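S.K.: Can you keep this structure in mind? I'll have questions shortly.
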């Protein structure tokens with residue numbers, strides 16, 4: 001099986017690696033395993049201390065720097081865009097906190113199997 005490794009912290013490098021893998025899969029009709037090496041900016045869960053990890057590469061900073069170097073977006077434009085997105089995410093989060101909790105039977109909503117189908121009966 002063909003494999004590849006890419007820098008998952010670099011969105012551009014990852015895009016080209018994915019493009020290469022997909023070209024192979026589509027032309028050869030065979031599987032491809034692509035390993036994307038990337039940083040974990042925060043711990044896996046609160047039990048592992050989900051605090052920010054120093055000295056890790058932030059892929060958003062990588063692409064922001066490339067955009068600025070190429071003259072496609074200024075650092076100020078990126079800062080403003082990030083603030084706008086973060087404000088929208090905070091507002092969405094606050095909205096969700098005001099919404100009612102789902103009922104246990106809601107777990108069956110939007111599933112493909114009939115919830116009355118049990119063990120071949122129904």
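S.K.: Which of (1) at pLDDT 90 or above; (2) surrounded by fewer than 10 Cβ atoms within 10 Å (Cβ to Cβ) does residue 109 not meet, given it meets every other one?
M.R.: (1)
S.K.: Within region 86-101, is even one residue under 25 Å from the mean Cα position of the chain (by Cα), part of a loop (DSSP other than H, G, I, E, B), closer than 30 Å to residue 62 by Cα and at pLDDT 95 or above?
M.R.: Looking for residues that are under 25 Å from the mean Cα position of the chain (by Cα), part of a loop (DSSP other than H, G, I, E, B), closer than 30 Å to residue 62 by Cα and at pLDDT 95 or above, one finds none in region 86-101, hence no.
Every residue, every condition in (1) within 28 Å of residue 6 (Cβ to Cβ); (2) over 20 Å from the mean Cα position of the chain (by Cα); (3) modelled with pLDDT under 85, yes or no:
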| site | (1), (2), (3) |
| --- | --- |
| 23 | yes, yes, no |
| 26 | yes, yes, no |
| 29 | yes, yes, no |
| 54 | yes, yes, yes |
| 118 | no, yes, yes |
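S.K.: Oh, and also: Take the residues in region 60-77 that are touching a helix residue (DSSP H, G or I) at 6+ places or on another chain (Cβ under 6 Å) and closer than 21 Å to residue 42 by Cβ; name whichever of them is surrounded by the most Cβ atoms within 10 Å (Cβ to Cβ). Let's see the steps before the verdict.
M.R.: Residues of region 60-77 that are touching a helix residue (DSSP H, G or I) at 6+ places or on another chain (Cβ under 6 Å), as a first pass: 63-64, 68, 73, 75.
Now narrow it down to the ones that are closer than 21 Å to residue 42 by Cβ: 63-64.
Values: 63: 16, 64: 19.
So, considering only residues that are touching a helix residue (DSSP H, G or I) at 6+ places or on another chain (Cβ under 6 Å) and closer than 21 Å to residue 42 by Cβ, the one surrounded by the most Cβ atoms within 10 Å (Cβ to Cβ) is 64.
The values are calculated or read from the model by the stated rules, or taken from the named source; none is laboratory data. Since this is a predicted model, take the numbers as computed values, not measurements. All Cβ positions, glycine included, derive from the backbone under ideal geometry; neighbour counts span all protein chains shown.
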